[in-house]
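Visitor: Structure incoming, see below.
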Amino acid sequence: QVRFLQAYLNLRLQRYWESLAISEVILRTAKGTETAQKSASFALGSLGQLIEKSPPDRQGVLIATLEKLSNHLMSTAPGTPESAQALDVLVSLAIREKDFDKAEKYLEKNPSGGGEKAFLLGRILWSEYRKAMQAHRINKTEATEAETGIKNRAEKLLTNAWNNIAVDQSTVGILEGTNDLVGLQLQEGKLDEALKILNEPSKGEIGRAHV
């Protein structure tokens, strides 16, 4: 219990190395307990901050440690807030590194559809597709199969995220993601699907908020 409090306090005081070290001790000595599970969230938070503050050439070992811890949490404590946090951190890192394939693979492990991160990745891919289409219009060229694949991935991510949100989830990211989904469907001539979002009884206000 003392170590648990020390890990928590060090994290709050932004002493990330100390918090990480104590959390790792708890993970080894209290393996399989709720205390270990909660301590894992301190380790995740500390690692995330250390990666953020470290120069690129020193991030590799930290990222590998984070991935190992996150995968461990997702396999041993699925469905818990800690495993959701682990997945969220991994997705954020992959998106930051512009490794969208890896981010998408992580999101596929999320039974709840990925939430705001799925909307974010879907919006990024949709934006990439639109940039490519703008270049094709200027150069009078045709879209490639790979670019069409990006559009399809964006639609799938945005649709899955929309299908799994609750009516009280109305953050800016979700609203913008919903707006992009409606815009994508309208551009593709999928009027019925777009109207379904706008008129969905329990979530329609989210869809209408930015349209």
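Visitor: Counting only residues that are at pLDDT 80 or above, open to solvent by 30 Å² or more (accessible area, probe 1.4 Å), assigned to a helix (DSSP H, G or I) and β-branched (V, I, T), how many does region 143-182 have?
Guide: 3
Visitor: Okay, moving on. Output the number of the condition that K140 fails; it satisfies all remaining conditions of (1) on the phi > 0 side of the Ramachandran plot; (2) touching a helix residue (DSSP H, G or I) at 6+ places or on another chain (Cβ under 8 Å); (3) at pLDDT 90 or above.
Guide: If we test K140 against (1) on the phi > 0 side of the Ramachandran plot; (2) touching a helix residue (DSSP H, G or I) at 6+ places or on another chain (Cβ under 8 Å); (3) at pLDDT 90 or above, just (2) comes out false.
Visitor: With over 18 Å from L20 (Cα atoms), buried (at least 17 other Cβ atoms within 10 Å of the Cβ) and of a type in the set (K, R) as the only criterion, which of K140, K98, K117 stands out?
Guide: K117
Visitor: Continuing with this model, one more query. Just name the residue that is most open to solvent (accessible area, probe 1.4 Å) out of those in region 23-44 that are more than 25 Å from the chain's Cα centre (by Cα), within 14 Å of L69 (Cβ to Cβ) and not charged (D, E, K, R).
Guide: Filtering region 23-44 for residues that are more than 25 Å from the chain's Cα centre (by Cα), within 14 Å of L69 (Cβ to Cβ) and not charged (D, E, K, R), the one most open to solvent (accessible area, probe 1.4 Å) comes out as V25.
Visitor: Please specify each residue of region 99-118 satisfying the condition of being out of contact with any Asp or Glu (no Cβ under 9 Å at 6 or more places or on another chain), of a type outside the set (D, E, K, R) and modelled with pLDDT under 85.
Guide: Matches in region 99-118: P111, S112, G113.
Visitor: Does A194 satisfy being in a helix (DSSP H, G or I), of a type in the set (A, V, I, L, M, F, W, C), over 25 Å from N71 (Cα atoms) and at pLDDT below 90? Working first, answer last.
Guide: On the way: in a helix (DSSP H, G or I): yes; of a type in the set (A, V, I, L, M, F, W, C): yes; over 25 Å from N71 (Cα atoms): yes; at pLDDT below 90: yes.
Judged against the criteria, A194 is a match.
The values are calculated or read from the model by the stated rules, or taken from the named source; none is laboratory data. The structure displayed is predicted, hence computed values, not measured ones. With ideal geometry, Cβ positions are generated from the backbone for all residues, glycine too; neighbour counts draw on all protein chains shown. Please note that ligands, DNA and RNA were not included when accessible areas were found on the heavy atoms of the full protein model with its side chains. Shrake-Rupley method; radii C 1.70, N 1.55, O 1.52, S 1.80 Å.
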